[in-house]
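Report on the following structure.
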Amino acid sequence: MIRSRVRPGDLIGIGTIGLRSRPGRTALTAIGIAIGIASMVAVLGISSSSKANLIAEIDSLGTNLLQVQGGQSILGDSSPLPVSSQTMIDRIPTVTSSASVIQLDTKVQRNRFEDEPNGLSVLAVGAGARETLELKIASGMLIEGKASSLPVVVLGSVAAERLGIGNVANGVTVSIAGHDFAVIGILNALPLNPDLDRSVLIGDQAAFELLGVDPNPTTIYLRVRPEKIEATRPLLARTASPMAPNEVQVSRPSDALEARAKVDEGLQKLLLGLGGVALVVGGVGVANVMVISVLERRGEIGLRRALGAKRGHIRSQFVIEAATLAGIGGLLGAGLGSVVTWGYATRQGWLVDIPVTGLAYGVGGALLIGAVAGLYPASKAARLDPAEAVRPHA
Amino acid sequence: MSVLRLEQVCRSYEANPPVKALDGIDLEVEAGEMLAIVGPSGSGKSTLLNVMGTLDRPTSGRVWVDGAETSGLSDAALSGLRAARLGFVFQGFHLMETVGVVDNVATGLLYQAIPKRQRRRRACEALTKVGLGDRLDAKPTQLSGGQRQRVAIARAIVADPALVLADEPTGNLDSATSGDIMKLFADLNQAGATIVVITHDNELADQLPRTVVMRDGQVVADRVKASDMVKVAGGES
Ligand SMILES: Nc1ncnc2c1ncn2[C@@H]1O[C@H](COP(=O)(O)OP(=O)(O)OP(=O)(O)O)[C@@H](O)[C@H]1O
Ligand SMILES: [Mg+2]
């Protein structure tokens, strides 16, 4: 018996002839898929670029900064750390530097007559703050050495803004607990410690001598050898407060930033879902165009059956055609999505991170969607009665 | 051996009242024959040709094509039979407009898994046989109606079928061009092809050696003029 057979290599040619003879329709239909794929690629690309950027930023800030805080007792009183806690922590060999900070129970104002709530806190900082917190000065200088006992203050970036102080040039002062403090410096923003941005810093000696503040630290910041972070962390509570280790909170400021990177995932999923909806709509468009195409090409289908095509050959012709159509859309979309990612990331000054596996999944997914969209029209085409299909129609 | 044999073939369409498009047809076509099927519109000519070509199955009766009884064959087996042993020509040409004539003709070999180069080579040979050896680079849109039908005929014969079936191949052509196409069929028949041509045109049919006349789904006359074969082949029109 003679069998009807097609060479596998010819299937592509047969499956794309309809697309080649109607390039305009092919392009318009492919655009539907392209938009879906492009938006998904762009969402993935932009968020992975943003994440790459954030991680690079966090790494540059240092993930080895830890923070030890006096917490709350079971009765609810806030319990500061023991006076000796910094000295104890400094004895841990993996700790490379530390700084203690005391939060004062007082407010800072532009002058002693003002009493506006401004949400700013006053912190007394000891030696080692510059190194440990990597303080950078936007203008002026830091409190160091002998200045620690003088009535001088350094403003966090947000604090300076709220107090309306732009520079330290001409002897500006602020009022803290009834004393005038000379502003000698303004800090750059501290992405790892945004709390400090909303604070003003005075020397610890000045706090003790001028304001009579208790010497118990509220917070101790410390830097640890990067490879020993996890080993050091569990030691800190007991070291800082041997009597009440349960009331001590140990945290890592960079974790908060990383959590922010994760919060974006919810939005990312939503946007991906929208891209997916666009893709499904594109797939329905492909199915639609294929149904129309089958109706229009009855004659061609009849001719192919007369030339010896089996039902299966007709079916695969249209499935391949639909998959190719969507695949073209997928490629277009992958390109478009990459360009959008590149453009956006470049404008933001980020590292460009094109998700290569995402691109492959995008094109593969488009092919699959096309094939699925083509199934129904293709089986309609295959089921056409050949005698009906070759009849001339009005 | 006969290339085609129909025995008591009936084909009715479900309608109200039911249409008996073919009503007990007995017909036999020998290898090397050329015959015309004529008859008024609606007499069942196209239905008969589709049944002969296995595009349609009879409601009752039996059909042998190239020695094979077709009622027991699957759709896939019939496709294989059409691919290798049957050639079709239709009134509307059925050419792919965006594809060159050689590739159009080569489609006639596509479903026999013949390699592309060989398909194209044989397509060029077939085009030369139908007198288009100098238009191998053309697209169908650049050709006249008669030339397009020659391309379609080349596609029908490219696989060397046992039987060529043509349904009103001159239906869209003027009378001079129609004469040329019938002359081409006669030449191909002289070269060994077995050909069945449906036509409305009694004048064209009369030039052929055998004419089957249909009316209301039945064969009402089957005339054979043995001597005419030479005359038509001589091409005196
Ligand atoms: N699919 C169908 N359903 C119902 N009736 C049909 C169908 N196809 C054909 N017929 C009927 O069968 C009869 C024969 O039709 P057929 O097309 O074979 O005639 P024909 O001789 O080729 O006519 P023409 O010269 O106009 O092409 C006609 O009465 C036609 O209406
Ligand atoms: Mg007809």
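No lab work stands behind these numbers, since they all come straight from the coordinates. Since this is a predicted model, take the numbers as computed values, not measurements. Positions of Cβ are backbone-derived with ideal geometry, glycine not excepted, and every protein chain shown enters the neighbour counts.
Lys/Arg Cβ at +1, Asp/Glu Cβ at -1, dipole of chain A taken about the Cα centre: which of A:V363, A:G18, A:V250 is farthest positive-ward?
A:G18
Looking only at other chains, what is the average number of their beta-carbon atoms within 10 angstrom of each beta-carbon in B:77-87? Working shown, then result.
Values: counts 5, 5, 16, 7, 5, 9, 11, 5, 2, 3, 2.
Per residue, the average neighbour count from other chains is 6.
Search the structure for amide H atoms under 5 Å from the amide H of A:V152, placed 1.01 Å from N in the peptide plane, and list their residues when 5 or more places away or on another chain.
Placed amide hydrogens put A:A182, A:G203 under 5 Å from A:V152.
Which distance in nm do the two modelled labels at A:I292 and A:V280 give, with both placed 7 Å along the Cα-to-Cβ direction?
If labels sit at A:I292 and A:V280, their model points lie 2.3 nm apart.
Using the basic label-point model (7 angstrom from Cα toward the beta carbon), what is the A:N170 to A:A182 distance in nanometres?
Simple spin-label model gives 1.7 nm for this pair.
Please report the spacing between the Cα centers of region A:58-129 and region A:211-230 in Å, no decimals.
After rounding, the separation between the Cα centres reads 7 Å.
How would A:H393, B:H200 line up from fewest to most surrounding beta-carbon atoms within 10 angstrom? Walk me through the numbers before you get to the answer.
Working: A:H393 9, B:H200 14.
By the 10 Å Cβ count, ascending, the order reads A:H393, B:H200.
Taking the Cα centre of region A:64-251 as origin, work out the dipole magnitude from +1 charges on Lys and Arg Cβ and -1 charges on Asp and Glu Cβ, in debye rounded to 20. Don't jump to the answer; show the numbers that get you there.
Working: 14 positive and 19 negative charges, 88 e Å.
Taking the Cα centre of region A:64-251 as origin, the dipole is about 420 debye.
Could you list which residues have their amide H under 5 Å from that of B:V89, counting only those 5 or more apart in sequence or on another chain, with H placed in the peptide plane?
The list, which skips near neighbours in sequence, is B:L165, B:A166, B:D167.
Each residue of region B:183-197 in order: what ³J(HN,Hα) in whole Hz does its phi give by Karplus 6.51 cos²θ - 1.76 cosθ + 1.60, θ = phi - 60°, with x for Gly and Pro?
Here the 3J(HN,Hα) series is 4, 4, 4, 4, 4, 5, 5, 4, 7, x, 6, 9, 9, 10, 10 Hz.
First select every other residue whose beta carbon is under 15 angstrom from the beta carbon of A:A30; then total the charges, Lys and Arg +1, Asp and Glu -1. Mind showing how you got there, number by number?
Values: positive: A:R20, A:R22, A:R25; negative: A:E321.
With Lys, Arg at +1 and Asp, Glu at -1, the neighbours total +2.
Under the definition of Cα pairs under 8 Å and six or more residues apart, what whole-number percent is the relative contact order of region B:2-236?
Numbers: 475 pairs, mean separation 64.8, N = 235.
Computed value for region B:2-236: 28 percent relative contact order.
By count of other Cβ within 10 Å, fewest leading, how are A:V168, A:V289, B:V105, A:V339 ordered? Provide the component values of the computation, followed by the final result.
Numbers: A:V168 21, A:V289 24, B:V105 30, A:V339 15.
Going from sparsest to densest Cβ surroundings: A:V339, A:V168, A:V289, B:V105.
Measuring from label point to label point, each 7 Å out along Cα→Cβ, what is the A:L267 to A:A189 span in nm?
Going by the 7 Å Cα→Cβ label model, 1.5 nm.
If you put +1 on each Lys and Arg Cβ and -1 on each Asp and Glu Cβ, how big is the dipole of region B:92-237 around its Cα centre, in Debye rounded to 20?
Values: 18 positive and 18 negative charges, 148 e Å.
Charge dipole, region B:92-237, about its Cα centre: 700 debye, nearest 20.
Kindly point out which whole DSSP H helices in chain A project their C-alpha atoms 15 angstrom or further along the helix axis while averaging a Kyte-Doolittle hydropathy of -1.0 or above. Write out the running numbers ahead of the final one.
Numbers: long enough: A:8-21 (21 Å, 0.60); A:23-61 (53 Å, 1.06); A:229-240 (16 Å, 0.17); A:253-296 (65 Å, 0.93); A:311-348 (55 Å, 0.44); A:356-383 (40 Å, 1.01).
Length and hydropathy pass: A:8-21, A:23-61, A:229-240, A:253-296, A:311-348, A:356-383.
Roughly how far apart, in whole Å, are the Cα centres of region A:330-375 and region B:125-175?
47 Å
When the expected Rg is taken as 2.2 N^0.38 Å, what fraction or multiple of it is the alpha-carbon Rg of region A:84-228?
Values: Rg = 14.9 Å, N = 145, 2.2 N^0.38 = 14.6 Å.
So region A:84-228 has a normalised radius of gyration of 1.02.
Magnitude of the Cβ-charge dipole of chain A, K/R +1 and D/E -1, about the Cα centre, nearest 20 debye? Before the final figure, lay out the partial values.
On the way: 36 positive and 32 negative charges, 683 e Å.
Approximately 3280 debye in magnitude.
Could you tell me which of B:N189, A:A99, A:A160 has its Cα farthest along the dipole of the protein assembly as shown towards the positive end, charges placed at Cβ (Lys, Arg +1; Asp, Glu -1), taken about the Cα centre?
Ranked along the dipole, the leading option is B:N189.
Only helical DSSP H runs with n ≥ 4 go in: add -39500 (n - 2.57) per run for the protein assembly as shown, normalise by residue count and round the 222 nm mean residue ellipticity to 500 deg cm²/dmol.
Details: 21 runs with 299 residues, N = 631.
Computed mean residue ellipticity for the protein assembly as shown: -15500 deg cm²/dmol.
Could you tell me which residue out of A:P392, A:V280, A:S85 lies farthest along the dipole of chain A toward its positive end? Charges go on the beta carbon: Lys and Arg +1, Asp and Glu -1, centred on the Cα centre.
Farthest towards the positive pole: A:P392.
Rounded to the nearest whole Å³, what is the per residue volume of the convex hull around the Cα atoms of the protein assembly as shown? Provide the component values of the computation, followed by the final result.
Details: hull volume 162.3 nm³, N = 631.
Dividing the Cα hull volume of the protein assembly as shown by its residue count gives 257 Å³.
Can you compute the FRET efficiency between A:R25 and B:R215 using 1/(1 + (r/R0)^6), with r the Cβ-Cβ distance and R0 = 45 Å? Round to the nearest 0.05. Present the calculation step by step, with values, prior to reporting the outcome.
Working: r = 45 Å, r/R0 = 1.01.
Efficiency computed from Cβ-Cβ geometry: 0.50.
Can you give me the convex hull volume of the Cα atoms of region B:2-236, divided per residue and expressed in Å³?
Details: hull volume 29.5 nm³, N = 235.
Expressed per residue, the convex hull around the Cα atoms of region B:2-236 is 125 Å³.
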